[in-house]
1. Which ³J(HN,Hα) values, rounded to whole Hz and listed in residue order, are derived for the stretch 129-137 from phi using the Karplus coefficients 6.51, -1.76 and 1.60 in 6.51 cos²θ - 1.76 cosθ + 1.60 with θ = phi - 60°, glycine and proline given as x?
2. Compute the relative contact order of the stretch 1-86 as a whole-number percentage, counting only Cα pairs closer than 8 Å that sit 6 or more residues apart in sequence.
3. Considering the zone a paramagnetic label at Thr293 would reach in this model (a point 7 Å from Cα along the Cα-to-Cβ line), which residues of the stretch 105-128 have amide N under 18 Å from it?
4. Report relative contact order for the chain in percent, whole number only (criteria: Cα-Cα under 8 Å, sequence separation at least 6).
5. Calculate, in whole percent, how much of the Cα-Cα pair population of the stretch 85-239 lies beyond 21 Å.
6. log10 I(q)/I(0), Debye, Cα-only the stretch 88-163, no solvent, q = 0.14 Å⁻¹?
7. Give me P(r) over the chain, computed from all C-alpha to C-alpha distances, binned every 10 Å, as integer percentages.
8. Using only the alpha carbons of the stretch 21-152, determine the length spanned along each of the three principal axes and report them from longest to shortest in whole angstroms.
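No value in this document is a laboratory result; all are computed from the given coordinates. Computed from a predicted model, the values in this text were never measured in an experiment. Note that we place each Cβ from the backbone using ideal geometry, even for glycine, and neighbour counts take in every protein chain shown.
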Amino acid sequence: MEIKQLITFKMAAENLNFTQTAKLLNFAQSSVTAQIKGLESEVGKPLFERLGKRLILTEAGHQFKAYAEKMIRLSEEAKLIVHGGEEQTGTLLIGAQESQCTYRLPPILKEFKTQFPKVKLVFKPAHSDEMAREHLEAGLLDVAFIMDTCKSGDSLKIKPLIKEELLIVASSSHPLLEKSAVFPEDLEHETILLTETGCSYRTIFEDFFRSAGVYPLNKIEFGSIEAIKQCVIAGLGIALLPKMAVETDLKMGRMKEIGWENTTAPIYTQIAWHKDKWMTPPLEAFIELTCNTFKNYN
């Protein structure tokens with residue numbers, strides 16, 4: 001199998017549309033179809049199937065996609081070694097939650113692109129820390145940002161960057177602001193605004209209630225921190241969020257902090273990569289730049 005075929009398959013697997021894949025790669029559609037058929041013949045199983053007008057990946061296609069991405073990455077790394085003296089190119093696949101992308105990474109990315117203008121940065125959403133770990137172990141990410149308690153990883157190198165402060169926030173007119181501190185019982189009948197399952201600070205919030213035997217019935221789950229913040233400001237409910245995500249809103253009076261006692265283990269923003277990962281100059285530089293930048297936050 002050729003790298004060209006793997007790139008075509010990867011693009012088709014992401015778009016699930018051969019016509020769009022042909023346009024993006026500047027191929028004739030017949031060429032895309034021929035390359036996919038060639039791969040399927042070599043693999044011995046169909047990688048796609050059509051259900052009506054829909055194109056979907058088969059189970060074999062899902063399995064093959066992970067290996068195709070690895071082989072494409074290895075090809076890029078091999079080129080980097082051969083052309084080591086030339087300006088660095090290639091791609092870094094970075095896993096990060098929305099909060100990191102929004103509030104912590106922009107200055108790092110700006111500086112990195114100054115140093116490596118031809119290196120492409122691709123961000124993959126890591127909705128949970130467990131997902132980020134799994135994708136690193138599977139070779140689907142080069143590096144990832146994890147917000148969790150400090151845990152060792154047999155196959156991962158994990159470096160703590162900064163301790164994160166978690167705040168319970170509510171609208172600026174919420175009645176609970178009159179209390180110096182709230183306990184789970186005080187929040188039992190409140191609407192609780194939650195991030196997605198697997199998010200470390202959602203788990204901490206749920207443990208806060210579970211430890212007291214309190215199980216709020218009114219819950220709303222969001223895929224976006226910004227959506228949660230707007231709902232807090234509008235008085236729809238309360239939320240537990242990292243201080244970095246609400247600091248500006250607190251200063252501007254759009255929401256206020258509710259006092260609470262957090263007895264759980266502290267969480268840290270950490271950077272992680274596979275211990276066997278080949279460290280290209282751009283990857284090494286990205287990790288070093290990240291660590292140096294986070295020192296300024298402490």
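1. Along the stretch 129-137, the couplings run 5, 5, 4, 4, 4, 4, 5, 5, 5 Hz.
2. Values: 72 pairs, mean separation 27.0, N = 86.
Answer for the stretch 1-86 is 31 percent.
3. Under 18 Å, as judged by backbone N against the label point of Thr293, lie 105-126 of the stretch 105-128.
4. Computed over the chain, the figure is 21 percent.
5. Values: 6604 of 11935 pairs.
The proportion of pairs with Cα distances above 21 Å equals 55 percent.
6. Log10 of I(q)/I(0), two decimals: -0.47.
7. Going from the shortest bin to the longest, the percentages are 6, 23, 26, 22, 16, 7, 1.
8. That works out to 44, 39, 27 Å along the principal axes.
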